[in-house]
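Structure record follows, encoded as structure tokens.
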Amino acid sequence: MKITAIEIKHYLLPLEPPFKAAWDPNPRKKFASTVVQVHTDEGITGIGSGDLMTGFEGHEHLIIGQDPFAIERHSQVIDNIDFHYGRCWPLDLALWDLMGKATGQPTYKLLGARSDKILAYASTGEMVTPEVRADRAQLLLEQGFKAMKIRFHHKDVRDDIKVVEAVRKSIGDKLEIMVDANQGWKMPWDTEPTWDLKKAYQVAKELEQLGVFWLEEPLQSHDFRGLAQLRQMATGIRIAGGEMNRRMHDFREMNFLGSLDVYQPDVALTGGITQVRKIADMVQSSGAWFSPHTWTNGIGVMANLHLAAAISHCPYLELPYDPPSWTPERRDFIQQNKLNIDSEGYLHLPQQSGLGVELDLEAVERYAYNKVYVGEST
Ligand SMILES: [Mg+2]
């Protein structure tokens, strides 16, 4: 089998009302999705998505004509492009989809198939009042969720802690609560200061008292030593992070220093399935967890779902979900099969071959655009 063409298309969903992501000072009025399709001489097409493929143009010849199964070779090429230009890991996802389709197996079965389902945690995105967050937590509970994540980003962190207190009071021990401080990286226009170690420690101590399952990104994402120190100081709460660390060697250093309890590389943003699988093996063999970040679109969630179900020891996988502001209709707008949990809180692995992505042809027609992406707020 040979790769004959690579097609990259961009889609833009208008968001009305805008989505106010806690980690972005600017409300988002649109949501971009990029789809990569890898065609072959046997008529099988692999589909990937999750990042913008910036920097791939002009490098198609490095992949076209190749055997799609030479994934380690292709992964090296994409890693080289990542260094020089930008993140093109959706191509790796499309190749894993293609390998599944060519062998007639769902991708997670090619990766290890520890399980065919995994508990989702509802990863909320907005900052809302303690009362509203507590009401939304009740709804999550009714829908079957067993865990949820709350965003911090108020000017005064005590206002963030009040939200966790209200949720804990409302739902008791029926939901695990994760907290995302979003201190690891910033949008280009965000010039607010990042937490220091002592502030992160004070917050961790408070959250420990509230039985929080993990505290995510309490420090800058390359402060490997600070994170390791925090982890040793705040022993009663897990420290999570790594969603935007881009290279294998970052994770090697973090693992060596003991920076995190939960490692969150996202296959759509860092290393594809090929590299993240190796990172996951490394951190899990050191006793830490792998639970990928999944906040791209539904196809990105699905790709992470395949790898997590295949190898992860962590009980939960992130599902971006914060109705009414972030819904499956928005998140999965280019695909037919919207992702939802069952009544017990599980996401089930699709059983068709490959990743199981079915594009919504009507949406693909309606939301297509050809503009060059210049890093504006979407
Ligand atoms: Mg996060």
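The values are calculated or read from the model by the stated rules, or taken from the named source; none is laboratory data. Given the structure is predicted, the values throughout are model-derived calculations rather than measurements. Glycine gets a Cβ as well: all are built from the backbone with ideal geometry, and neighbour counts include every protein chain shown. These area figures cover heavy atoms from the full protein model, side chains too; ligands, DNA and RNA do not enter into them. Shrake-Rupley method; radii C 1.70, N 1.55, O 1.52, S 1.80 Å.
What do you reckon, how do F333, F83, F224 stack up by accessible area (1.4 Å probe), largest on top? Working shown, then result.
Working: F333 10, F83 140, F224 30 Å².
These residues rank, largest area first, as F83, F224, F333.
For the chain, the solvent-accessible area with a 1.4 angstrom probe is 41 square angstrom per residue.
Packing, taken as the mean count of other beta carbons within 10 Å per residue, orders the peptides 37-44, 334-341, 152-159 from highest to lowest as 334-341, 37-44, 152-159.
Rg to Rh ratio, the chain, alpha-carbon atoms and Kirkwood radius?
Values: Rg = 19.9 Å, Rh = 20.9 Å.
Ratio of gyration radius to Kirkwood radius for the chain: 0.95.
Of all DSSP bridge pairs formed entirely within the chain, close to 50 percent run antiparallel.
Across all directions of projection, what mean area in square nanometres is found for the Cα convex hull of the range 1-97? Projected area, direction-averaged: 7.2 nm². Short to long, the 5 Å bins of the Cα pair-distance histogram for the range 155-256 hold 2, 12, 23, 22, 19, 12, 7, 2, 0 percent of all pairs.
Per-peptide packing, taken as the mean over residues of other Cβ atoms within 10 Å, places 212-219, 262-269, 19-26, 342-349 in the sequence 262-269, 212-219, 19-26, 342-349 from highest down. Setting aside same-chain residues fewer than 8 positions from K117, which aspartates and glutamates have a Cα under 15 Å from its Cα? Output for K117: E318, D342, E344. Working from the Cα coordinates of the range 252-373, the gyration tensor eigenvalues give, after taking √(5λ), semi-axes of 28, 17, 14 Å in decreasing order.
Order of 283-295, 305-317 by packing, highest average Cβ count within 10 Å first?
Put in order of decreasing packing, that is 305-317, 283-295.
Each 5 Å bin, from zero up to the one with the longest distance, holds this percent of the alpha carbon pairs of the range 26-178: 2, 8, 13, 13, 11, 11, 11, 12, 10, 7, 3, 1. Once the Cα atoms are used to define both axes, helix 197-209 deviates from the longest principal axis of the chain by about 80 degrees.
If the cut-off is 17 Å between C-alpha atoms, which lysines fall inside it for K30, apart from same-chain ones fewer than 8 positions away? Here the lysines satisfying the reach criterion relative to K30 are K9, K20, K371. For the pair the range 231-285 and the range 24-43, the centres of their Cα atoms are 25 angstrom apart. If R₀ is 41 angstrom, what is the calculated FRET efficiency for the pair D173 and K30, using the beta carbon separation as r and rounding to 0.05? With R0 = 41 Å, the Cβ-Cβ based efficiency is 0.55. Against the chain, whose longest principal axis comes from its Cα atoms, helix 130-143 is set at around 50 degrees. Of all the options A181, A70, A120, the one that moves most in a Gaussian network model of the chain with Cα springs shorter than 10 angstrom is A70.
Between K155 and T235, take the C-beta separation as r, use R0 = 25 Å, and let me know the FRET efficiency to the nearest 0.05. Kindly include the intermediate steps, with their values, before the conclusion.
Details: r = 29 Å, r/R0 = 1.16.
The computed FRET efficiency comes out at 0.30.
Legend: distances between Cα atoms for K162/K198; K29/K101; K109/K174; K149/K169; pairs beyond 24 Å are K29/K101; K109/K174. The length gained on full extension between E60 and S115, counted as 0.36 nm times the residue separation minus their Cα-Cα distance, comes to 16.3 nm. Return, ordered by residue number, the residues of the range 154-195 whose backbone nitrogen is under 16 Å from a label point located 7 Å along Cα→Cβ of L257. Residues 183-185, 195 fall inside that zone.
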